[in-house]
Number of protein chains: 2
Amino acid sequence: MTVKPEWIAVDWGTSNLRAFAMGTDGVLAQATSDEGMGKLARDQFEGALLRLIDGWLSTDKVTPVIACGMVGARQGWVEAPYRSVPCLPVDKGGLMDVTVTDPRFTFAIVPGLSQANPADVMRGEETQIAGALALSPGFDGVLCLPGTHSKWAQVSADEVVSFQTMMTGEMFALLSGQSVLRHGMVDAKGWDDAAFDQGVSDALSRPERLAAMLFRLRAEGLLNGLSGDAAKARLSGLLIGAELAAARPYWLGQAVSLIGADKLSAAYARALLAQGVTARLLSGDECVLAGLSRAAGKV
Amino acid sequence: MTVKPEWIAVDWGTSNLRAFAMGTDGVLAQATSDEGMGKLARDQFEGALLRLIDGWLSTDKVTPVIACGMVGARQGWVEAPYRSVPCLPVDKGGLMDVTVTDPRFTFAIVPGLSQANPADVMRGEETQIAGALALSPGFDGVLCLPGTHSKWAQVSADEVVSFQTMMTGEMFALLSGQSVLRHGMVDAKGWDDAAFDQGVSDALSRPERLAAMLFRLRAEGLLNGLSGDAAKARLSGLLIGAELAAARPYWLGQAVSLIGADKLSAAYARALLAQGVTARLLSGDECVLAGLSRAAGKV
């Protein structure tokens, strides 16, 4: 069966490339590769893209391709300069057009957002935020996008007012995989909700003591036989708790929606619930598609 | 010239092995190799040691060798169980004797210290603490040993009363060398005192916001051209400031001595001075030798 999309949506991150053939009623087909921005030189982007979408292109029309993510970074295909907040998360008129050699498609990049003070940047999340607003028209409140570099964004009147990035996911990966704490987690297979809750509570009630709380995971493994599951879940709780401590002005007394993968969002939702905040969960995949559809002028 | 030591002092860490031929008036000779605990299987320790000290041993007497550090860890030559605080940092009667095959020497390990609550451990630093007390008899106050895993110890009446470990050095290595922040530091060659001071001050005044302050280093590099020197020094300041925030009960209104390498101790001293604490600097090398001398019953 031949796929004939109206347009093609692309989510092009550092590690992965995902393409969606879009018809009037949504996704017709999708394709994925590991040719993320981090692996490509400037002249390799068009080829990497064609390896995924060539079969969807037709010689009798020009198919628009719209992409978000690190493809627009300084090390990407073409740098798409940041747009400054406060602003709409995605502006159809503000896309960055990229010249391609293949006549069957056009290519445009959704720019990221920047904030002057405190200095901050995002690239990719603005599209998910636009998607969340497309899925929940009139939403006024806070969006949290947990991940390698978690983002908290204050949204009002369809604009991103301010945002803040935290390196929680990257810290977890480094500490659990490469620091001395890894010795106590190599056997971790499951999860320990109580240990996670304790970590969140410890970090939120005494955030200034985080530096001491981390090594204690190692010491409790040596002295008290703390299990790998408990150590890993408590580390996650400590770091998410530290993120919540830093982001308190964002969630305290606010309507919060979480955008992201199910398991990680559920952990954030659990941590927020313990602070009395009931967060709504939105799928990261649905939001990125809705955001790219908005950039394409389809919604 | 033949070296004929009375005894041999050994500092055997994870990465390095250092041996000192000791005479009545101090060090006669020293030797170093990279055969640290982390590279050796249990049956390789004696050989690694002999490669350094064989020329100092004599067949007409038995030379005592006394070692501290990770050689006594579970993954080391022989596990020397922790001694619990409060206790003397080093107790000549509490050394762990190790059976060796070579008849020309005996080998004993200084055990590390543990604390039940909050759970904590040290291995190697107890010897430096004993050395600091040998060099400053009657010292009552706080010793800080900056490093990969910084230690803060409360000392009174020659005993370690309590202590606390922070992963500051390891966090700095991971964040500056392996996280997204490395991109803004690859060109760092020098140091920026003002940026360091700002980091210390930011972390100490708003420790709960540390998670947000870290990513800002990356954003300021992208948006405002923050230099590599400034980014690296501010990262160091943020992490040392976070350590001081967590260790506040240890240094506030206390007599503080720093034990360690010159450059790192100087950074800690600068950060403490900004909080009104004038710390005394002690050489890490002198302290480890004085501590091993105490373990050997020589001082």
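The values are calculated or read from the model by the stated rules, or taken from the named source; none is laboratory data. These figures come from a predicted structure and were not determined experimentally. Note that each Cβ is placed from the backbone with ideal geometry, even for glycine, and that neighbours are counted across all protein chains shown.
Of all residues in region B:168-187, exactly one satisfies the criterion of being acidic (Asp, Glu) and closer than 16 Å to B:Gly147 by Cβ, namely B:Glu170.
With respect to the conditions (1) crowded, with 21+ Cβ neighbours inside 10 Å; (2) within 14 Å of another protein chain (Cβ to nearest Cβ); (3) within 17 Å of A:Phe172 (Cβ to Cβ), A:Ala233 lacks only one, and its number is (2).
The set of residues from region B:142-157 being modelled with pLDDT of 95 or more, more than 11 Å from chain A (Cβ to nearest Cβ) and under 19 Å from B:Leu282 (Cβ atoms) comprises B:Val142, B:Leu143, B:Cys144, B:Leu145, B:Pro146, B:Ala153, B:Gln154, B:Val155, B:Ser156.
The requirement of being among the small types (Gly, Ala, Ser), in contact with a Cys (Cβ under 6 Å, 6 or more places away or on another chain) and in contact (Cβ under 8 Å) with a residue 24 or more places away in the chain is satisfied by A:Ala132.
Out of all the residues in region A:167-204, which are under 25 Å from B:Ala173 (Cα atoms) and either touching a Ser or Thr at 6+ places or on another chain (Cβ under 7 Å) or not assigned by TED's automatic domain parsing to the domain that holds A:Ala274 (or both)? Listed by number, the residues that qualify are A:Met167, A:Thr168, A:Gly169, A:Glu170, A:Phe172, A:Leu174, A:Arg182, A:Met185, A:Gly199. Whether a residue is surrounded by fewer than 20 Cβ atoms within 10 Å (Cβ to Cβ), at pLDDT 95 or above and touching a helix residue (DSSP H, G or I) at 6+ places or on another chain (Cβ under 7 Å) was assessed, and A:Glu6 does not pass this test. Can you pull out every residue in region A:160-182 that is free of Cβ contacts under 8 Å to residues at least 12 places away in the same chain and of a type outside the set (D, E, K, R)? Listed by number, the residues that qualify are A:Leu174, A:Gly177, A:Gln178, A:Ser179.
Checked against the criterion of being part of a helix (DSSP H, G or I), within 9 Å of chain B (Cβ to nearest Cβ) and modelled with pLDDT under 95, the candidates A:Ala245, A:Ala211, A:Ala219 yield just one match: A:Ala211. Each residue in region B:161-207 was checked for being within 7 Å of chain A (Cβ to nearest Cβ) and crowded, with 21+ Cβ neighbours inside 10 Å, and 9 pass. Restricting attention to region A:52-76, the residues being more than 14 Å from A:Gly124 (Cβ to Cβ) and either of a type in the set (Val, Ile, Thr) or surrounded by 21 or more Cβ atoms within 10 Å (Cβ to Cβ) (or both) number 6.
Within region A:118-139, being away from chain B (no Cβ under 14 Å), hydrophobic (A, V, I, L, M, F, W, C) and under 25 Å from A:Gly36 (Cβ atoms) holds for A:Ile129, A:Ala130, A:Ala132.
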